[in-house]
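Colleague: I have a structure I would like to understand better, so I am pasting it below and will then ask my questions one at a time.
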Amino acid sequence: MSDSIAELHGLKSLKLCYCVEVPKFISFSNHKCKYKLRLDGILDKLPDTVELFFPPNLSKLTLRKSRLESDPMVTLQKLPNLRVIRLYPKSYLGKKMVCSEDAFFQLQVLEVCGLEELEEWKVEVGALVNLKQLGFGSCKRFKMVPDGLQHLSTLINERFVGVG
């Protein structure tokens, strides 16, 4: 299947749903036209070198059931064209998530839902400067809204539902 996916160079959107695990040997880096990617299935970890895994023009990413143990934001902030990130149930199993200074410059929409272990989210000054929509829900251990959000003048719509 990974060979077949590699040959679909004109593909603009791809949704892969696996009951168990997304194969480690799949790479989307040759897909110059792909803008949207949804992965449902265990990834264990995101690659350190994003250029070898993600399409270069990726603007929308959805992860679900990835069971990532390390903060996905460390890797995702290296994707320069991301405008939408959706982290759905069981995509991240860690307790802390950080959006670093000067990261996610293009990001406009961030949805975080069902990260049951997440307790803390830190947004450093200079991160998410173009964020317009923020959805945060069903994170039962989440303790408080990050102070860093007060610096976001572009935020039009935010909702925190079912948190701590």
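Colleague: With LEU63, LEU58, LEU39 as the choices, which residue is open to solvent by less than 20 Å² (accessible area, probe 1.4 Å), of a type in the set (A, V, I, L, M, F, W, C) and within 24 Å of GLY126 (Cα to Cα)?
Modeller: The conditions single out LEU58.
Colleague: Could you please find all residues in the range 92-117 being surrounded by 15 or more Cβ atoms within 10 Å (Cβ to Cβ) and either part of a strand (DSSP E or B) or touching a Gly at 6+ places or on another chain (Cβ under 7 Å) (or both)?
Modeller: TYR92, MET97, VAL98, CYS99, VAL109, LEU110, GLU111, VAL112, CYS113, GLU117 - these are the residues of the range 92-117 that are surrounded by 15 or more Cβ atoms within 10 Å (Cβ to Cβ) and either part of a strand (DSSP E or B) or touching a Gly at 6+ places or on another chain (Cβ under 7 Å) (or both).
Colleague: I'm trying to understand the selection: among the residues of the range 66-76, which are in contact with a strand residue (DSSP E or B) (Cβ under 7 Å, 6 or more places away or on another chain) and farther than 12 Å from LEU39 by Cβ?
Modeller: Of everything in the range 66-76, those that are in contact with a strand residue (DSSP E or B) (Cβ under 7 Å, 6 or more places away or on another chain) and farther than 12 Å from LEU39 by Cβ turn out to be ASP71, MET73, LEU76.
Colleague: Name every residue in the range 127-145 that is part of a loop (DSSP other than H, G, I, E, B), at pLDDT 85 or above and surrounded by 15 or more Cβ atoms within 10 Å (Cβ to Cβ), in order of residue number.
Modeller: Within the range 127-145, ALA127, LEU128, VAL129, LEU131, LYS132, SER138, CYS139, PHE142 meet the criteria.
Colleague: Let me ask another. Quick check on this structure: which one of LYS65, LYS36, LYS24, LYS15 is among the basic types (Lys, Arg), modelled with pLDDT under 75 and under 28 Å from LEU131 (Cα atoms)?
Modeller: The conditions single out LYS15.
Colleague: Moving on to the next point. Out of the residues in the range 146-160 that are over 19 Å from the mean Cα position of the chain (by Cα) and open to solvent by 50 Å² or more (accessible area, probe 1.4 Å), which is nearest to ASP102 (Cα to Cα)?
Modeller: The qualifying residue nearest to ASP102 (Cα to Cα) is HIS151.
The values are calculated or read from the model by the stated rules, or taken from the named source; none is laboratory data. Bear in mind that the values here come from a model prediction, so they are computed numbers and not experimental data. FYI the Cβ positions are ideal-geometry reconstructions off the backbone, even for glycines, and counts take in every protein chain you see. Please note that ligands, DNA and RNA were not included when accessible areas were found on the heavy atoms of the full protein model with its side chains. Shrake-Rupley method; radii C 1.70, N 1.55, O 1.52, S 1.80 Å.
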